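Only the coordinates and a few stated rules stand behind these numbers; no lab work does. Remember, predicted model here, so these are calculated numbers, not experimental data. Glycine also receives a Cβ, built like all others from the backbone with ideal geometry; neighbour counts cover every protein chain displayed.
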Amino acid sequence: MYEPVQQGKILSGIWMTIKLSFYCLILSVVIGIVGAFAQGSKNVIIRSLVQGYIQFFRNTPPYVQLLFFYFALGQFTPTYSPDGWLEIPIISNVGWAIISLSFFAGAFNVEIFRAGIEAVADSTKEAAESLGFSRFQTFRYVVFPLAIRVSLPSLNNNLINLMKTTTQAYGIAVPELLYQSVTIWNDYPSAQYPTMLLVFVVYILLVGVLVMSMNRWERKLRIPGYGH
Amino acid sequence: MTSKTTEVIVSIKDVHKSFGDLEVLKGVSLDVRKGEVICIIGPSGSGKSTLIRCINALNDIQAGTIHVCGIDVTDPKLQKLELRKRVGMVFQQYNLFPHKTALENIMMAPTLVLNEDKETVRTRAFALMQKVRLEGKENAYPGELSGGQQQRVAIARSLAMNPDVMLFDEVTAALDPETVKEVLVTIKDLAQEGMTCILVTHEMGFAREVADHIYFTDNGVIVEHGPPKTFFTKAKDPRTKEFLSQIL
Ligand SMILES: Nc1ncnc2c1ncn2[C@@H]1O[C@H](COP(=O)(O)OP(=O)(O)O)[C@@H](O)[C@H]1O
Ligand SMILES: [Mg+2]
């Protein structure tokens, strides 16, 4: 169907999409956990910072966030020169895509984890507290492990969305699958529909793998005699 | 019962506690000596839970003083950890960690909070499971245990911290009648070994048998108190009499 050059483009596009998705998934979950923990802080300033972060990233279009990160913030990032002539910014377009998309999905993850945390009974936290656990230990060993079980279905959905949103990195010329596909069908208009079909199929497979691993994780976390 | 020293280890003096406008404790005082077992009884809403939660600083108080093993609980610079190492607490709803096995529930606090060696703690946890008569259930999750079994794991979990005082807040109130006894037996064993115990309970037979001293609270004050013998037969206050007539 494709000649080797085009095949290479598709493969490198898929690989970039996988890398992009992987880093975004991890980083957005980390942001979600840290944010949800910080939301339980006694400090009003910390709580309002987290709240402001969520409001901004949840209520504005992710595509505009991406462009803003890359073009506006990108201007101010320091550069380095490997050869004395070239000025390469320390954060590449791939870097900005990862940061921007992770913060976007992370805002939802904070809310998702918060809902799980709120489902943990106060009496369970009190039991930990009365055994001498610190606030962090209570979170780390009691609240979070229980919250994650409640949060998993919503987290699942958000991560699927995130994976699909990585196509927007196309807008700042990250050579992921969509970007590569577009370059192909710009050169070969006749290949447009087959290539689109290919993009669909690849995404169905990638999301399928994600869903399968999330389900496996969910099963592993299931507690005998607890919940369903 | 066992030999009692005169060392006061919990001293509560004129404690006042409000939730917003609602004054729940209106000047409560009591002393507990080492090895003593005291029972707090009284109608629901009279402030019993609030009182014992103040002892391990789960609630703060507005006035008065509380000392536990020489620790000033009302000190603004209170090291809560030091207090909680000394005071074990068992709740009505057991409050076990549902994602941990019985043994892990018992081991968690000593390893995390006291940084004790895991193997030492494991040995102790097995011994405690035996003590609360649950050998063989070490790897069961709370959801796989009956209420009475869960409550005994909760007692073992508190004991694993080697506390000086144990607080029990209506620990049999949520149990089926047939499992109440197994939990009461466990507590009785503890009492007989000389553990200082403060219990909120509705089990009058148990209180009569095990307690050294009984306090009756109503509406945020201690109305009457005394050793079980005199308390149950010679109550003077009309409120105590009415309560006892309803419950006995
Ligand atoms: N966290 C709280 N906030 C507001 N009111 C409370 C709180 N805890 C207890 N109360 C109130 O304090 C009173 C005494 O409660 P409690 O100590 O639980 O009584 P008891 O254990 O004797 O039944 C009740 O009127 C109860 O509604
Ligand atoms: Mg109560």
### Task
Evaluate the following for B:Ala102: is it buried (at least 21 other Cβ atoms within 10 Å of the Cβ), of a type outside the set (S, T, N, Q), within 12 Å of chain A (Cβ to nearest Cβ) and out of contact with any Ser or Thr (no Cβ under 9 Å at 6 or more places or on another chain)?
yes
### Query
So which residues in region B:36-78 are among the acidic types (Asp, Glu) and crowded, with 21+ Cβ neighbours inside 10 Å?
B:Glu36
### Query
Is it the case that B:Leu96 is part of a loop (DSSP other than H, G, I, E, B) and away from ligand 1 (no atom under 16 Å from the Cβ)?
yes
### Task
Being crowded, with 20+ Cβ neighbours inside 10 Å and within 12 Å of chain A (Cβ to nearest Cβ) is the filter here, so list the residues in region B:169-184 that pass it.
B:Asp169
### Task
Output the number of the condition that B:Asp212 fails; it satisfies all remaining conditions of (1) in contact (Cβ under 8 Å) with a residue 12 or more places away in the chain; (2) surrounded by fewer than 22 Cβ atoms within 10 Å (Cβ to Cβ); (3) over 29 Å from B:Asp14 (Cβ atoms); (4) charged (D, E, K, R).
(3)
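Can you go through B:Gly70, B:Gly42, B:Gly27, B:Gly35 and tell me which one is more than 13 Å from chain A (Cβ to nearest Cβ) and within 13 Å of ligand 1 (Cβ to nearest atom)?
Answer to the selection: B:Gly42.
For (1) within 15 Å of A:Ile223 (Cα to Cα); (2) more than 7 Å from chain B (Cβ to nearest Cβ), each residue gets a yes or a no:
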position	(1), (2)
A:Thr124	no, no
A:Ser130	no, no
A:Phe133	no, no
A:Phe139	no, yes
A:Phe144	yes, yes
A:Ala147	yes, yes
A:Ser154	no, yes
A:Asn157	no, yes
A:Ile160	no, yes
### In region A:164-177, the residues that are buried (at least 23 other Cβ atoms within 10 Å of the Cβ) and part of a helix (DSSP H, G or I)
A:Thr166, A:Ala169, A:Leu177
### Message
I need every pair where a residue in region B:44-65 that is touching a residue at least 60 places away in the same chain (Cβ under 8 Å) has its Cβ under 7 Å from the Cβ of a residue that is near ligand 2 (Cβ under 9 Å from one of its atoms) and of a type in the set (A, V, I, L, M), sequence separation at least 6 or different chains.
### Response
B:Lys48/B:Val200; B:Ser49/B:Val200; B:Ile52/B:Val200
## Note on the structure
Within region A:186-210, residues within 14 Å of A:Lys164 (Cβ to Cβ) and either surrounded by 15 or more Cβ atoms within 10 Å (Cβ to Cβ) or in contact with a Pro (Cβ under 8 Å, 6 or more places away or on another chain) (or both) come out as A:Val199, A:Val202, A:Tyr203, A:Leu206, A:Val207, A:Leu210
## Note on the structure
In region B:204-220, residues that are within 15 Å of ligand 1 (Cβ to nearest atom) and either part of a loop (DSSP other than H, G, I, E, B) or not hydrophobic (A, V, I, L, M, F, W, C) (or both) total 5
### Summary
From the option list B:Ser11, B:Ser29, single residue qualifying as over 21 Å from B:Lys80 (Cα atoms), of a type in the set (Ser, Thr, Tyr) and surrounded by fewer than 20 Cβ atoms within 10 Å (Cβ to Cβ) is B:Ser29
### Message
Quick check on region B:55-72. Is at least one of its residues within 16 Å of ligand 2 (Cβ to nearest atom) and not in a loop (DSSP other than H, G, I, E, B)?
### Response
yes
### Query
Given B:Leu134, B:Leu78, which one is hydrophobic (A, V, I, L, M, F, W, C), in a loop (DSSP other than H, G, I, E, B), more than 10 Å from chain A (Cβ to nearest Cβ) and within 29 Å of A:Ile223 (Cα to Cα)?
B:Leu134
### Task
Taking B:Thr111 as meeting all but one of (1) buried (at least 16 other Cβ atoms within 10 Å of the Cβ); (2) under 21 Å from the mean Cα position of the chain (by Cα); (3) within 13 Å of another protein chain (Cβ to nearest Cβ); (4) not aromatic (Phe, Trp, Tyr), write down the number of the exception.
(2)
### Query
When you go through B:Ile187, B:Ile214, B:Ile222 one by one, which is the residue that is out of contact with any strand residue (DSSP E or B) (no Cβ under 6 Å at 6 or more places or on another chain), among the aliphatic types (A, V, I, L, M) and away from every other protein chain (no Cβ under 14 Å)?
B:Ile187
### Query
Checking B:Cys197 against (1) crowded, with 21+ Cβ neighbours inside 10 Å; (2) in a strand (DSSP E or B); (3) within 16 Å of ligand 1 (Cβ to nearest atom), which single condition isn't satisfied?
(3)
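Do we find that A:Thr195 is touching a Cys at 6+ places or on another chain (Cβ under 7 Å), touching a residue at least 12 places away in the same chain (Cβ under 8 Å) and over 29 Å from B:Ile155 (Cβ atoms) in this structure?
No: the conditions fail for A:Thr195.
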